[in-house]
Amino acid sequence: MRLISTLFSLLIIAFVSIAVISCTPTAETEPVSDGQTIDTQAGENPYQGAETLARRAILYDIAHQGGDLAPFYAPTEAIDDIEVPRLAQELNRLWWSIPWATAGLNPLPATVITALEQDVFPLIEVRLDETDEENGWVMFTVGYNPDIIRVLIANAHSEWLVEERQIYLAGFLESCIHVYCVRLAGEWKIMTHKLPCGDGVDPPTPPEAPADMYVDDIEEPVGEN
C-alpha cells in the first residue's frame, strides 16, 4: 500500500508540474456503453454521457484503479488532429504513458466497483464550465468529498487488513478536479481528469449524502455536521 501511495503522489506532482508549465484553464470497467453514446433527442441532456464519465473518473481514481478507465479514455492519436486545449492533450499523453498493469494493488472486481457507482455518483457534483461544439469537447469542474468516497471504497475491500485500511484512508486527496471529455465517433471519451482546481476556482458544492448512510471511520452519519 505504501508503494501505491507513493506512486500516485509522484503522479499528481507530475500532472501539476505540467499544468504550471503549460497554462491555466479558462473559466468558461464495464460496461463501456453506459451513458457514453450521445442522445440528441429533444429534452435530453447532450452532455449526460460525459458527466457520467467525469463521475466514474473520480471513483476509479480514488480507488487507485486508474487503469480500468482505459476503455473510457480517448486514445492520444485520436485527438492529435482535433483542436483541443494543449494542457488536456499533454495530460492525456502522460496518462497513457503510465504502466497501469503494475500500478494497482488488489483492485476491486468490475462488478463491485460498478455497483459502487450507485452510492458514489450522487455524492459528486459536476459543473459544465467550458464547451467547444465545433471541436466536440467539454470541460467540467467536479466537486466531491474524497474522505467519504474513500471510506465507501475501503468498506468494499473486505479482504484488507486493518493496517492496509488505515494506510489507504490516510493522507490528502483533491476535492476539486477539472475533467475534459471529447466526442469521438459519436461517443464521449475522457481526455484527462487529472487537473486540480486552482485557487481562483469556486468548487462545486458536493451533495450531502443520505442521512441514513453510515460508513466506518466516520463518527456521525455521513451528510451531518
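For the reader, a short list of remarks on this structure follows.
- Taken as a whole, the structure places residue 55 among residues that are touching a helix residue (DSSP H, G or I) at 6+ places or on another chain (Cβ under 9 Å), open to solvent by 20 Å² or more (accessible area, probe 1.4 Å), closer than 30 Å to residue 158 by Cα and in a helix (DSSP H, G or I).
- For the range 153-165, the set of residues classified as closer than 21 Å to residue 112 by Cα, open to solvent by 20 Å² or more (accessible area, probe 1.4 Å) and assigned to a helix (DSSP H, G or I) consists of 155, 156, 162, 164, 165, listed by residue number.
- Filtered residues of the range 71-99 (kept if under 14 Å from residue 194 (Cα atoms), in a helix (DSSP H, G or I) and of a type outside the set (Lys, Arg)): 87, 88, 89, 90, 91, 92, 94, 95, 96
- Residues satisfying the stated conditions in the range 115-125, i.e. closer than 26 Å to residue 84 by Cβ and either of a type in the set (A, V, I, L, M) or open to solvent by less than 20 Å² (accessible area, probe 1.4 Å) (or both): 124
- Scanning the range 126-151 for residues that are touching a helix residue (DSSP H, G or I) at 6+ places or on another chain (Cβ under 7 Å), open to solvent by 20 Å² or more (accessible area, probe 1.4 Å) and over 18 Å from residue 196 (Cβ atoms) gives a single hit, 148.
- The residues in the range 100-114 that are modelled with pLDDT of 90 or more and either assigned to a helix (DSSP H, G or I) or open to solvent by 50 Å² or more (accessible area, probe 1.4 Å) (or both) can be counted, and the count is 6.
- Filter result for residue 113 (among the β-branched types (Val, Ile, Thr) and within 28 Å of residue 133 (Cα to Cα)): no
- The range 115-135, residues that are assigned to a loop (DSSP other than H, G, I, E, B) and within 14 Å of the chain's Cα centre (by Cα): 124
- Matching residues, the range 169-192, being open to solvent by 30 Å² or more (accessible area, probe 1.4 Å) and over 14 Å from the mean Cα position of the chain (by Cα): 169, 170, 171, 172, 183, 184, 185, 186, 187
- Options 125, 130; residue that is within 24 Å of residue 202 (Cα to Cα) and in contact with a Gly (Cβ under 6 Å, 6 or more places away or on another chain): 125
- Hits in the range 60-88 - residues which are surrounded by 20 or more Cβ atoms within 10 Å (Cβ to Cβ) and closer than 14 Å to residue 137 by Cβ: 73, 74, 79, 84, 85, 87, 88
The values are calculated or read from the model by the stated rules, or taken from the named source; none is laboratory data. Every value quoted in this text rests on a predicted model; they were computed, and no experiment measured them. Neighbour counts are summed over all protein chains in view; Cβ atoms, including those assigned to glycine, are modelled from backbone coordinates with ideal geometry. Keep in mind that these areas ignore ligands, DNA and RNA; they rest on the heavy atoms of the full protein, side chains included. Shrake-Rupley method; radii C 1.70, N 1.55, O 1.52, S 1.80 Å.
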